[in-house]
Amino acid sequence: MKIIGSNDRLAPGSTVATIGMFDGVHLGHVTLINFLKKQAQERGLKSAVVTFAQHPQAVLHPDSGIKLIMPTARKVDLIGQHGVDYTVLLDFTRELSLNDSTQFLKILRDRYGVSVLVAGYDHHFGHNKQETFADYVRNGRKLGIEIVKGPEYLGEYAPVSSSLIRKLIASGKVDGAMHCMGRPYRIEGKVVHGFHNGSGIGFPTANVGELDPAIVLPHRGAYAVMVDVAGRRLQGMVNVGIRPTMNNGNQLSIEVNIFGFDDDIYGLPIGLDFIKFLRLEFKLGSVEELRAQLTRDRDHSIAILNQYNNSLTK
């Protein structure tokens, strides 16, 4: 896959494209991408996914507090893994948002060689949100662009949407988000120095920092996670919260206990795949009670993660 920027150009009439934010690259997006590739193959053209580096709401309504499911780089990488020829990555600006559908179609035709546009079954583009699919077809015909309606995802976990997945993550329902995406919700950062509380009670933790501030975080609590660090994929449990039993203040932290692993990994990149919510964060009466609770959490996590990994081999 080749990444095409705002200033790049593709040959006239060379692509079949679809357009959208594609945040999360969920099962609905995958259904649309597969349909796009089929349409391109049938016509002997290249497939292109047109997407944005910024969420439109974040640009047009900066006080909305909209968060993303994943960073742009990961989104583009996942789109590429699904076998499209091009990802056209545009900067979403106020100026771009003022284009109506006809003006935007003209940009796609003249800059990115779009001769066929696959429109998501419920997707709207251009500043006039009242326009219908029939309007797009009519406007496209004037420009020599064929407009094709993409399919709706009707699988086991339908309906899916990026907004639903964000809500699931924010409420701690990470297993629901995983079902909608077809892969676990993931955060990536670096291992940074934290409070070093865990080692003293037999549960050493890696503090995950340098997170992308645009990414939605899960609800405070404990989760079973798969951990990618130092070239290995390991099991663990993570606490998202403020460690109330240890009285460490109100700063939110993400601290992961990696099972059977205690190497020095400070400064290394780390990725956490959230598999299932364990419990809410709450203050315990003593360190001994905390140690007992963490032991129960670890046993519960191991059972969950073994089941998850076994399901991947079936």
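The values are calculated or read from the model by the stated rules, or taken from the named source; none is laboratory data. Being a predicted model, the structure only gives us computed values, none of them experimental. So basically every Cβ, Gly included, is an ideal-geometry build from the backbone, and we count neighbours across all protein chains shown. Keep in mind that these areas ignore ligands, DNA and RNA; they rest on the heavy atoms of the full protein, side chains included. Shrake-Rupley method; radii C 1.70, N 1.55, O 1.52, S 1.80 Å.
What is the angle, in °, between the Cα long axis of helix 287-312 and the longest principal axis of the Cα atoms in the chain? Nearest 10 is fine, range 0 to 90.
The angle comes out near 40 degrees.
For the chain, with all protein chains present and a 1.4 Å probe, just round the carbon and sulfur fraction of the accessible area to a whole percent.
52 percent
For the chain, what relative contact order do you get, as a whole percent, if you take Cα pairs closer than 8 Å and at least 6 residues apart?
Details: 599 pairs, mean separation 52.2, N = 314.
17 percent.
Taking a probe of 1.4 Å, how large is the accessible area per residue of the chain, in Å²? Don't skip to the end; give the middle numbers.
Details: 15080 Å² over 314 residues.
With the other protein chains kept in place, the chain gives 48 Å² per residue.
For Leu90, list long-range residues whose amide hydrogen, built 1.01 Å from N in the peptide plane, is under 5 Å from its own amide hydrogen.
Long-range HN contacts for Leu90: Thr51, Phe52, Ala53.
Would you tell me the accessible area of Leu154, worked out with a 1.4 angstrom probe on the heavy atoms of the protein chains, in Å² to the nearest 10?
It works out to around 140 Å².
Roughly what angle does helix 72-81 make with the longest principal axis of the chain, taking Cα atoms, 0 to 90 degrees, to the nearest 10?
70 degrees
Assuming R0 = 30 Å, what is the FRET efficiency of Asp212 and Val148, from their Cβ-Cβ distance, to the nearest 0.05? Kindly include the intermediate steps, with their values, before the conclusion.
On the way: r = 34 Å, r/R0 = 1.14.
After rounding to 0.05, the efficiency reads 0.30.
If you wrap a convex hull around the C-alpha atoms of the chain and split its volume per residue, what is the figure in Å³?
Each residue corresponds to 146 Å³ of Cα convex hull volume.
Among the aspartates and glutamates, which have Cα under 20 Å from the Cα of Lys67 when same-chain residues fewer than 8 positions away are ignored?
Partners within reach: Asp23, Asp77, Asp91, Asp175, Glu188, Glu210, Asp212, Asp273.
Which shape class applies to segment 258-313: rounded if a/c is under 1.5, otherwise prolate when a/b exceeds b/c and oblate if not, where a ≥ b ≥ c are the square roots of the Cα gyration tensor eigenvalues? List each step's numbers first, then the result.
Details: a/c = 2.04, a/b = 1.24, b/c = 1.65.
Because a/c hits 1.5 or more and a/b fails to exceed b/c, segment 258-313 counts as oblate.
Roughly how many Å is it from the Cα centre of segment 260-314 to that of segment 85-107, as a whole number?
After rounding, the separation between the Cα centres reads 43 Å.
Using a Gaussian network model of the chain whose springs link C-alpha atoms within less than 10 Å, name the residue from Gly221, Gly231, Gly44 with the highest mean-square fluctuation.
In this elastic network of the chain, the residue with the biggest mean-square fluctuation among Gly221, Gly231, Gly44 is Gly231.
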